[in-house]
Amino acid sequence: MDLAYQTQGIGTPVVLVHSPGVDSREWRYIAPHLARSHQVITYDGRGTGKSPAPQKPTSLVEDLRALLDHLEIDSASLVGHSMGGQAVTDFALTYPSRVDHLVLIAPSLTGFEHSQPFIDWMAQVNACAPDVNRLVEQSLSGPNYRVTMSSAERDFLREMHTLYMTRVFSEWKSFEVVWPMPPAIERLEELVARTLFIQGTVEWEDMQRIAEQFKRVQDIRFEVIEGADHMVTLTHAEELAGLIFTFLEGTLSSKG
């Protein structure tokens, strides 16, 4: 196992998979809450934090499987944020027997077609490459970060984002991510893990369209955190951790 990871707590395992643009430190407020009654595993995705940069096309699903195998964990509850949510969704479809619960925080979705405003925005961000400072500032000025960038977590998010962008342009040899086929959007009905979908109210409208797709999941609960943006893990950590904890303990009903 070449990915950097940490474990804390004792109990049934919970793996936290972070968003792109940051690293596993985004869980620094969430993990201690969950570790009171669970074994919590956090790790830096390939090319982020302290993990090695990708040298060839990467499979986020297989990286997660390799980590579970290394830790000798047969099954775990998975919590994924943004593209981390996309990764754990694809993992749950590929290895359903290895997922106890599935928690998706403002997830992306394999096969989802983004709206033109979002595509145009990403083009503006990418046009700043390879100037890391311009990339960071343009990216973090997006509407889905405006709550965090007005909060006490602003400098921490900028720090993680700057490290991420610096490594992308100085160390990464491959930018390709390989996803299982067919894409998850075509087979959400096949998800069997009990699922919790959480989002804030300050987001691109695409997030609501993704939430609509997940209504096809047979056993799912939806929660909205008022006033939170995409980095809900930083600005609304206590409320978010409470929702995750009660879901894992089985006290949130489905289809809420």
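Glu249 to Gln124: extension gain in nm, 0.36 nm per residue of separation minus the Cα-Cα distance?
On the way: separation 125, 0.36 × 125 = 45.00 nm, distance 4.28 nm.
Gain on extension, Glu249 to Gln124, equals 40.7 nm.
Placing +1 on the Cβ of every Lys and Arg and -1 on the Cβ of every Asp and Glu, with nothing else charged, gives the stretch 189-256 a dipole about its Cα centre of roughly 280 debye. What does the charge count near Ala237 come to, summing +1 for each Lys or Arg and -1 for each Asp or Glu among other residues with Cβ under 10 Å from its Cβ? Result for the neighbourhood of Ala237: -3.
Net charge in the neighbourhood of Leu3 (other residues with Cβ under 10 Å of its Cβ; Lys, Arg +1, Asp, Glu -1) is -1. A Cα-only calculation for the chain places Rg and Dmax at 17.0, 47 Å. Rounded to the nearest 10 square angstrom, Lys56 shows an accessible area of 140 square angstrom against a 1.4 Å probe. Label separation (Asp155 vs Ala53): 2.8 nm, computed from points 7 Å beyond Cα along the C-beta direction. Tally up the carbon and sulfur contribution to the accessible surface of the chain as a whole percent, 1.4 Å probe, everything protein left in place. Carbon and sulfur together cover 51 percent of it. Phe118 exposes around 40 Å² of accessible area when a 1.4 Å probe is run over every protein chain in place.
Given only helices, namely DSSP H runs of n ≥ 4 each adding -39500 (n - 2.57), what is the per-residue ellipticity at 222 nm of the chain, to the nearest 500 deg cm²/dmol?
Numbers: 9 runs with 89 residues, N = 256.
Result for the chain, helices only: -10000 deg cm²/dmol.
Within the stretch 62-148, list the GluC sites (Glu not before Pro) lying in a DSSP loop whose Cβ has at most 16 other Cβ atoms in a 10 Å radius.
Within the stretch 62-148, the qualifying GluC sites (Glu not before Pro) (loop, at most 16 other Cβ atoms within 10 Å) are Glu72, Glu113.
A simple charge model with +1 on the Cβ of Lys and Arg, -1 on the Cβ of Asp and Glu and nothing else charged puts the dipole of the stretch 69-180 at about 340 debye relative to its Cα centre. On the basis of the beta-carbon distance and an R0 of 22 Å, Gln8 and Glu239 show a calculated FRET efficiency of 0.55.
The stretch between Glu190 and Ser115 holds 24.4 nm of extra length on full extension. This uses 0.36 nm per residue minus the Cα-Cα distance.
Give me the extension gain from Glu62 to Phe222: residue separation times 0.36 nm, minus the current Cα-Cα distance, reported in nm with one decimal.
On the way: separation 160, 0.36 × 160 = 57.60 nm, distance 2.74 nm.
Here the segment from Glu62 to Phe222 would lengthen by 54.9 nm.
Find which of Pro143, Ser115, Trp172 sits farthest along the positive direction of the dipole of the stretch 94-216, computed with +1 on the beta-carbon of Lys and Arg, -1 on that of Asp and Glu, about the Cα centre. Farthest along the dipole direction, towards plus: Trp172.
Once you reduce the stretch 1-66 and the stretch 79-145 to the center of their Cα atoms, the two points are 16 Å from each other.
The values are calculated or read from the model by the stated rules, or taken from the named source; none is laboratory data. Since this is a predicted model, take the numbers as computed values, not measurements. No Cβ is skipped: glycine too gets one built from the backbone with ideal geometry, and neighbour counts run over all protein chains shown. The area values use the complete protein model at the heavy-atom level, side chains included, leaving out ligands, DNA and RNA. Shrake-Rupley method; radii C 1.70, N 1.55, O 1.52, S 1.80 Å.
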